[in-house]
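Input: a single structure, listed below in structure tokens.
The values are calculated or read from the model by the stated rules, or taken from the named source; none is laboratory data. It should be emphasised that the depicted structure is a prediction, and the values quoted were computed from it without experimental measurement. Here the Cβ is made from the backbone with ideal geometry for all residues, glycine too, and neighbour counts use every protein chain on show. The area values use the complete protein model at the heavy-atom level, side chains included, leaving out ligands, DNA and RNA. Shrake-Rupley method; radii C 1.70, N 1.55, O 1.52, S 1.80 Å.
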Amino acid sequence: MKEQRLLRIRELVSQQEIETQEELVRALEESGFAVTQATISRDIKELQLIKVVGTNGRYKYAIPVMASSVTLDALRRRLADVFISQARAQNLVVIKVLPGNANAIGSMIDTMNHSGLLGTIAGDDTILLVCQDEDAAIRLLDTLIPQADRRPTE
């Protein structure tokens, strides 16, 4: 049942402009699936759905398109497209991006397996990178965002 529901969610977000979890619940119910918003929230996380701008200019759910192996150049290009600001506090790095992009960027950063990076937490527009120490945080920030491209947090 769960695998069928996940498959149907993939189909729905690929074929329709689903903007909210409520819309996704309704579309699934119309397809014969009895679901709750909490279930949909977990499914969205498991499928790693992201929000992208739809044809109407509003954000909609989408399936992330990522290569199986992420290169540093690809990560830098993707990050440059959505980057807003960055800040560092000792061993913590916070990166702000356009809404709906943090999860995909965070996943790409995780794929890079950067030495000194202990973990990544991504929300809608914010990525928290936890490094083992301050030097590792500085190296990671230098790797991800060259000094010339940085915009400080306001």
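Table for the structure above
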item	result
Gyration tensor (Cα) of the range 46-129, equivalent ellipsoid semi-axes in angstrom	22, 15, 11
Heavy-atom accessible area per residue - the range 34-120, 1.4 Å, Å²	55
Interchain or long-range residues, amide H under 5 Å from Gly100's placed H	Asp125
Lysines whose Cα lies under 20 Å from that of Lys51, excluding same-chain neighbours fewer than 8 positions away	Lys60, Lys96
Computed E for Leu6/Ile138 - FRET, C-beta separation, R0 35 angstrom, nearest 0.05	0.30
Over the chain: helical MRE at 222 nm, DSSP H runs n ≥ 4 each giving -39500 (n - 2.57), nearest 500	-13500 deg cm²/dmol
Solvent-accessible area, 1.4 Å probe, carbon plus sulfur percent, for the range 12-154	49
